[in-house]
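The values are calculated or read from the model by the stated rules, or taken from the named source; none is laboratory data. Just so it is clear, the structure is predicted and the values come from calculations on it, not from any experiment. Here the Cβ is made from the backbone with ideal geometry for all residues, glycine too, and neighbour counts use every protein chain on show. Calculation scope for accessible area: heavy atoms of the full protein, side chains included, ligands and nucleic acids excluded. Shrake-Rupley method; radii C 1.70, N 1.55, O 1.52, S 1.80 Å.
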Amino acid sequence: FVLSFGLLECIDIKVAAPYEEGGDEPCLRLCTGTTGKGSTPWKYYSTDGIYVKVDMTNCDFKPGLTPIVTSVLAGESHLWVTTGGSEIYSLTSSSFVNYVHMRAEYGNIYSFCKADKWRIDWQAIGYAC
């Protein structure tokens with residue numbers, strides 16, 4: 001399913017310095033998403049840390065070729081007391097993991113992530129063929 005608003009001629013994606021060979025430039029795909037405002041499945045990592053595995057399966061990137069991904073921790077409050085929301089771990093063509101840390105002096109990170117509706121917003125550029 002593709003939505004077209006007459007902008008197709010304006011989209012130009014180029015990877016100037018790819019870190020993997022094996023994809024064709026006409027096959028580049030931009031894919032964006034979120035883990036969900038108020039519905040992110042945060043997992044307990046430690047007393048001051050949580051993590052979430054982000055599913056990019058619907059992007060249909062070519063297996064074996066790693067996309068370029070950026071992420072940001074978003075939410076309603078207390079983001080300034082955290083670290084890690086933009087660091088990508090365990091990146092594959094279909095998923096990645098974000099770990100978020102908050103010093104214990106600020107409180108219970110798990111309660112903040114739920115109450116403040118924390119989520120990971122992301123965008124990825126990868127090869128589709």
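Got a sec? Charge dipole of the chain, +1 on Cβ for Lys and Arg, -1 for Asp and Glu; which of THR57, SER86, TYR44 is way out at the positive end?
Highest projection toward the positive end goes to TYR44.
For the chain, give the magnitude of the charge dipole about the Cα centre (Cβ charges: +1 Lys/Arg, -1 Asp/Glu; no others), in debye to the nearest 20. Mind dumping the intermediate values first?
Working: 10 positive and 14 negative charges, 100 e Å.
Charge dipole of the chain: 480 debye, to the nearest 20.
Could you rank GLU21, GLU76 by how accessible they are, 1.4 Å probe, largest area first?
Descending accessible area places them as GLU21, GLU76.
Quick check: from the Cα gyration tensor, does the chain come out rounded (a/c under 1.5), prolate or oblate? Let's see the in-between values first.
Working: a/c = 2.66, a/b = 1.98, b/c = 1.34.
Prolate is the answer for the chain, as a/c is 1.5 or above and a/b outweighs b/c.
Taking the Cα centroid of region 20-61 and of region 70-86, what is the distance between the two, rounded to the nearest whole Å?
If we compute the Cα centre of each part, the gap is 15 Å.
Choose one of TRP118, ILE68, GLY107: the residue whose Cα lies farthest towards the positive end of the charge dipole of the chain (beta-carbon charges +1 Lys, Arg; -1 Asp, Glu; about the Cα centre).
GLY107
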